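The values are calculated or read from the model by the stated rules, or taken from the named source; none is laboratory data. As the structure is a prediction and not an experimental result, all values here were calculated from the model. Neighbour counts run over all protein chains shown; Cβ positions are idealised from the backbone, glycine included. Each accessible area value is taken on the protein alone, full model and side chains, heavy atoms only, with ligands, DNA and RNA left out. Shrake-Rupley method; radii C 1.70, N 1.55, O 1.52, S 1.80 Å.
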Amino acid sequence: MSATDNSGFTPVLSWSVTGAQTSSGSRAGSFQVSSEGVSTVQVSAVDVEGNTAERSVRVGIDLTAPTITVDNQEGATVPLGSAVPFTYSCADGGSGINFCDGFVSGQPLPASEPGDHWINLSAVDRVGRERIRKYFYEVTDGPLDVTTPPLISGRTRVGERLHVDVAFAPTPEHIRYVWLYGEHQSSQVSDGPDWTVPAEAAGYPVRVSVEAYLRSRELTTVDSPSVGPVTTFTFPDFDTPLVQGTPQVGRRLTAVPDTTDLPGGTLVQTLWYDDQGRSLSDQSEFSVDGQTAGHRVRLLVRYVKPNYDDVELWSGWTAPVAMGVVDPKPAVRNTPHWDESQRWTLFADRGANALQVPVTIEWSWADQPDVIISTNLEFELRPEDVGHVIRTRFSYRAPGYVDAVVVIDSGPVTGLDFEARGTPAITGIARAGETLRATPGSFTPAATSTDYQWLRDGATIASATGSSYRLVGVDAGHRISVRVTSRRLGFNTVQMVSAQTAPVAPAPVAGSVKPALSTRAKVLGKGKVRLTVAVSRQGASGKVAVAGKIVVKAGRKVVGRGVLKRGKVVVQLRKQKRGKHVYVVTYSGASGVKSTSKKVKVRVR
């Protein structure tokens with residue numbers, strides 16, 4: 001704030017702020033208005049003659065997004081084809097609403113299709129803050145049809161099991177059964193149609209209320225006729241209780257008392273003892289601990305109910321409890337990777353101790369099965385670990401348990417990647433007796449070691465592991481390539497294979513003769529050309545047919561191949577374009593016979 005006067009003297013300023021923020025002052029300059037809402041700034045200036053000037057400014061601050069209030073219940077159920085109005089409103093206490101849209105408030109919700117529906121609502125205040133809300137509702141298609149009304153079967157006596165038969169169309173996704181006796185609702189709400197009558201139901205009639213649910217349909221409720229009233233009776237004769245499970249430290253033994261015709265409200269107590277008479281547990285399940293190792297265990301089941309005589313039954317003895325087995329399920333966390341830009345660490349997760357007893361755990365890290373490199377919980381990877389498998393060994397000891405050892409291999413450890421600036425290449429003449437040489441390509445940074453493996457038609461050539469390879473007779477007719485393996489500390493090993501050479505030519509034979517090569521071309525139509533090739537040599541008594549291979553090229557592209565039989569072969573060329581073509585027919589040669597070539601001109605119509 002500032003003020004000027006034509007007298008040349010600076011007027012005296014005073015200011016005050018009212019509204020959302022209240023403050024005042026009497027100094028020129030600036031001050032901050034930060035309270036959300038509307039504040040009014042009043043500034044007064046008085047010159048040396050007492051003349052006064054005033055100015056008022058309103059400042060509005062809006063820090064809160066607008067609100068969207070929906071009057072309809074979230075997740076409401078709307079009957080199919082109904083006209084339920086949907087109303088909502090937008091509000092903003094800071095700057096006011098600039099935009100409120102998504103659905104016309106007061107219009108009926110769309111209800112022409114059953115299923116789940118959503119309405120997207122949007123509100124924007126005058127400073128651009130936005131609020132988006134989704135409203136969900138379900139359109140249902142009336143109640144289900146009750147095809148079989150509920151009917152209860154079974155004896156209405158305490159401890160007896162009752163069953164209800166009921167059916168709906170279409171089939172519901174879920175049925176809930178609520179059993180009722182007299183004016184009281186049972187504590188049992190079942191997902192199944194069976195119910196055991198409790199003692200509290202004695203003297204009352206029983207009925208069941210069935211609730212059926214299917215998505216996009218109304219919840220359907222139907223009650224059965226009442227049956228009863230319920231009568232009482234005494235405990236039946238129970239069978240000897242059983243012990244289920246393996247008697248081993250760390251395992252659980254489960255009591256299996258006879259509950260056939262068990263009256264509702266009966267307290268069934270389960271008590272565990274060992275062959276030393278020690279009380280072990282009063283739960284239905286007993287977790288076998290180390291103190292019972294080597295001892296036998298049995299179960300006492302006691303049936304208790306007011307106005308009934310207590311019944312006690314013993315199970316048989318188990319076999320002696322065996323030593324337990326530790327199963328901690330350890331793990332190694334983090335990615336086995338090394339990078340010079342940051343620290344890469346593997347973490348040893350020793351696994352949860354589910355034994356409820358003290359367990360002694362030891363662990364170690366090794367880059368070979370028997371070479372320990374660390375015994376810490378964390379292992380920081382090193383550049384020399386790249387390409388190696390890191391082995392973590394966990395050992396566990398606990399009283400009553402057999403010692404356990406778990407070994408986890410992580411890796412191989414990955415590292416940085418080379419930036420390839422060239423691929424391996426082969427130089428030399430592809431002919432038996434000649435030497436081929438490999439150039440490994442280049443990397444950034446440079447590789448510190450390079451290995452070579454020469455390949456014949458993709459298969460490894462034994463003992464051919466140098467940067468050069470001398471072709472031998474067995475290579476004739478095959479294609480040679482080289483696989484180059486490049487390494488550097490901290491970097492991932494890279495293997496690259498060069499392009500293959502042309503088929504290796506046989507070594508020249510002393511005294512070999514030049515053969516006669518003849519061709520005959522015939523255009524068959526539809527881009528097809530048939531070449532008949534004959535090759536012979538001059539023998540002592542005239543022309544002699546020779547063996548070998550024929551290759552037909554159009555420019556650099558091989559368009560056909562064949563093998564001579566009795567000095568002849570027919571090569572079919574397909575998909576040849578219309579116009580003039582010049583084909584080069586090459587005979588590869590054979591023992592005592594030189595290779596030769598011939599051009600053939602053909603017009604394809």
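Only one residue in 396, 452 is out of contact with any Phe, Trp or Tyr (no Cβ under 7 Å at 6 or more places or on another chain), touching a residue at least 60 places away in the same chain (Cβ under 8 Å) and aromatic (Phe, Trp, Tyr). Which one?
Selected residue: 396, the only one of 396, 452 that is out of contact with any Phe, Trp or Tyr (no Cβ under 7 Å at 6 or more places or on another chain), touching a residue at least 60 places away in the same chain (Cβ under 8 Å) and aromatic (Phe, Trp, Tyr).
Can you tell me which of (1) over 30 Å from residue 219 (Cβ atoms); (2) of a type outside the set (Phe, Trp, Tyr); (3) open to solvent by 30 Å² or more (accessible area, probe 1.4 Å) is the one residue 74 doesn't meet?
Answer for residue 74: the failing condition is (1).
Quickly run through the range 151-171 and pick out the residues that are assigned to a strand (DSSP E or B) and within 29 Å of residue 266 (Cα to Cα). It would help to see each step written out before you state the result.
Here is the first cut: in the range 151-171, the ones assigned to a strand (DSSP E or B) are 151-153, 157, 161-169.
Result: 151, 152, 153, 157, 161, 162, 163, 164, 165.
Please work out which one of (1) in contact with a Pro (Cβ under 9 Å, 6 or more places away or on another chain); (2) assigned to a loop (DSSP other than H, G, I, E, B); (3) buried (at least 16 other Cβ atoms within 10 Å of the Cβ); (4) not aromatic (Phe, Trp, Tyr) is the condition residue 250 fails and give its number.
(1)
Can you tell me which residue within the range 189-220, out of those that are touching a strand residue (DSSP E or B) at 6+ places or on another chain (Cβ under 6 Å) and surrounded by fewer than 14 Cβ atoms within 10 Å (Cβ to Cβ), is modelled with the highest pLDDT?
This residue is 194.
Looking at the structure I just gave you, is residue 255 open to solvent by less than 40 Å² (accessible area, probe 1.4 Å) and modelled with pLDDT of 90 or more?
When the stated conditions are applied, residue 255 passes them.
Consider residue 376 against the criteria (1) crowded, with 16+ Cβ neighbours inside 10 Å; (2) part of a loop (DSSP other than H, G, I, E, B): it satisfies all of them except one. Which criterion is unmet?
(1)
Can you pull out the residues in the range 264-285 that are in contact (Cβ under 8 Å) with a residue 40 or more places away in the chain, within 18 Å of residue 310 (Cα to Cα) and in contact with a strand residue (DSSP E or B) (Cβ under 9 Å, 6 or more places away or on another chain)?
Selection gives 264, 266.
Would you mind finding the one in 67, 10, 22 that is open to solvent by 50 Å² or more (accessible area, probe 1.4 Å), touching an Asp or Glu at 6+ places or on another chain (Cβ under 8 Å) and of a type in the set (Val, Ile, Thr)?
One residue alone meets the criteria, 67.
Could you list all residues from the range 124-147 that are over 37 Å from the mean Cα position of the chain (by Cα) and either part of a strand (DSSP E or B) or at positive phi (or both)?
Passing the criteria: 124, 125, 128, 142, 145, 146, 147.
Does the range 354-369 include one or more residues that are free of Cβ contacts under 8 Å to residues at least 40 places away in the same chain, open to solvent by 90 Å² or more (accessible area, probe 1.4 Å) and assigned to a loop (DSSP other than H, G, I, E, B)?
Yes: one or more hits.
Search the range 564-605 for residues being surrounded by 11 or more Cβ atoms within 10 Å (Cβ to Cβ), not in a strand (DSSP E or B) and not polar (S, T, N, Q), and hand back the single one that is modelled with the lowest pLDDT.
592
Any residue at all in the range 226-244 that is hydroxyl-bearing (Ser, Thr, Tyr), open to solvent by 70 Å² or more (accessible area, probe 1.4 Å) and within 30 Å of residue 298 (Cβ to Cβ)?
The answer is yes, given that some residue of the range 226-244 is hydroxyl-bearing (Ser, Thr, Tyr), open to solvent by 70 Å² or more (accessible area, probe 1.4 Å) and within 30 Å of residue 298 (Cβ to Cβ).
Among all residue pairs at least 6 apart or on different chains, which show Cβ distances below 7 Å where the first residue, located in the range 144-166, is acidic (Asp, Glu) and the second is assigned to a strand (DSSP E or B) and open to solvent by 80 Å² or more (accessible area, probe 1.4 Å)?
Pairs found: 165/151.
One residue is enough: does the range 418-427 have a residue meeting the conditions open to solvent by 70 Å² or more (accessible area, probe 1.4 Å), modelled with pLDDT of 90 or more, in contact with a strand residue (DSSP E or B) (Cβ under 8 Å, 6 or more places away or on another chain) and more than 30 Å from residue 292 (Cα to Cα)?
The answer is yes; a qualifying residue exists.
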